Amino acid sequence: MEIQELHLKHYGKFEDYRIRLNPGVNVIYGSNETGKTTIHSFVRSMFFGLNRAKGKAARTDEYQIRQPWDRPGAFLGSMRVCEKGEVYRIDRCFDRSTKPLQVTCETGAWEASDPEGVLSALTGGISEAAFVNTVFIPQAHCETDEVLAQELQRFMVNSDRSGDGSVDVTRALQSLRRKKKQFEQKQKKEDELLEARISEKQARAEAVRGELERLRQKADTYMSVPLENETDDDSQEDGIGRIQKVLEILLFIAGLLAMGGAALLEPLNVRIFLGVFAAVFFAMIFAVHFLLGKRDPDDDQDLPAWEIPPYLLEEIGNQEETYQKLQKELEDLYQNHVRIDGADTEAAALTMAIDRICELSSDIYQKSGGKLGDTASEILSEITGGRYQRIVLDDTSSVRIHTPSRVLGLHQVSGGTMQQIYFALRMAAGELLCGSTVLPVILDETFAMYDDARLEAVLRWLKRSGRQVILFTCQKREREIMKRIG
């Protein structure tokens, strides 16, 4: 693919600004603050769009930075590309629009009904993350990040399994991880709800237990009364019994004397009077016996002061029943909590599946990584004049550099050599990930740390690669070297 024209309609500081590009190496020179990085960003945005961040991150994201200076409401751009003899115009509206992306084939005079699909085909299906880690190198950022290792692993695993990359192992891993995360979130929510219910039941049970303890203490005060008053009540009852007996004896003697006088004394009216009194005295004996005698317990329904009142006993019973019910509910909740804990086996199974897929894909990566290493090694050997002839990149992105005498780690080489190694890896990975599609190489001040010899070597390789190169720079030496090498 070649980019023929960039049209920054309203993008950053540019308004209706066109740049026409040629095959081969294009050097775009400009001093600082002239907008080179803005144009560099525009190419990426035309291929992949601009995503808006949320919250505080929205203040410094690419979307906010690239807002048009003069007309914020019109955030537009256009780009022409050529692929296999066909010219396509890509139009994007980065702001809100019913048609944010349009792809038109100008040579065939048709507009794509699936612009995203056509654009993906034009770029060889490369993802934005892979694009930024291969052929699109931002300012002073030649090194790659761990996303490149993930993209390469996905590609190699897919190719090993299907031959054409149709089996997306990365997507399968993402699905498993998403399912695991959803399961863990659901389980966490259920645990929190259950623990809240348990805490609520425990608080209620504790309150009932406290009330029950208070009622039992109150009942104990009733039970302690007889210990203090029992002796006094018994002595009082004995005194009443003695008085009753004395009165009965006295009345009986008085009755006998009255009967004796009625039988022996004269005249008749005295005898009648004493006889009546004798009858009265004997009658009083029966009255005293029944009035002062001991009461029948069955005839008195009043409880003694030391017995527990019925309402208190009933309340104690109700509280005991409530407490037992709460304890049973708590036991059921604890059993549910154990069952939820047992669900960890499902999460463990998902983790095991994820680990197994990663292990298999890592093995495949190691077997399939030879092509990447060979291509990167060829590029590195050429741009270093044969000083470093082979590099190896494992599935963790660890780099080993082979020299004729020893194997070095990335930290053991100079900064300039490190930049060359990353450049070789980027170019090799771009070839691998894009397949038959050859994308332009877009560089923004990439070679600032290169000395003149290194710079000339890498520019010679870019020229011989046959790729379209768009190189943004604030230095004149790139133009001078390109003129010298033709």
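Listing for the model above:
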quantity	calculated
Most to least packed among 92-99, 454-461 [average Cβ atoms within 10 Å]	454-461, 92-99
ARG18/ASP451 FRET efficiency (R0 35 Å; Cβ-Cβ; nearest 0.05)	0.50
Set of lysines with alpha-carbon distance to LYS325 below 17 Å, sequence-local pairs under 8 removed	LYS201
Extension gain, GLU378 back to GLU111 (0.36 nm per residue minus Cα-Cα distance, nm)	92.0 nm
Label point distance in nm, GLU331-LEU176, each placed 7 Å from Cα along Cα→Cβ	4.2
Solution diffusion estimate, µm²/s, Stokes-Einstein, segment 410-451, Kirkwood Rh from C-alpha pairs, 37 °C, viscosity 0.692 mPa s	282
Additional length obtainable on full extension of the chain from GLN324 to GLU307, 0.36 nm per residue less Cα span	3.5 nm
Sites ARG216 and GLU190, calculated FRET efficiency, Cβ-Cβ separation with R0 41 Å, nearest 0.05	0.60
Difference of contour (0.36 nm per residue) and Cα-Cα distance, LEU291 to GLN139	42.7 nm
Burial ranking of peptide ranges 375-383, 181-189 (average Cβ count within 10 Å, highest at the top)	375-383, 181-189
Where labels lie 7 Å past Cα in the beta-carbon direction, separation of THR351 and ASP70 in nm	6.0
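Throughout, read-outs are computed from the coordinates displayed, never taken from laboratory work. Just so it is clear, the model here is predicted, and its values are computed rather than measured. All Cβ positions, glycine included, derive from the backbone under ideal geometry; neighbour counts span all protein chains shown.
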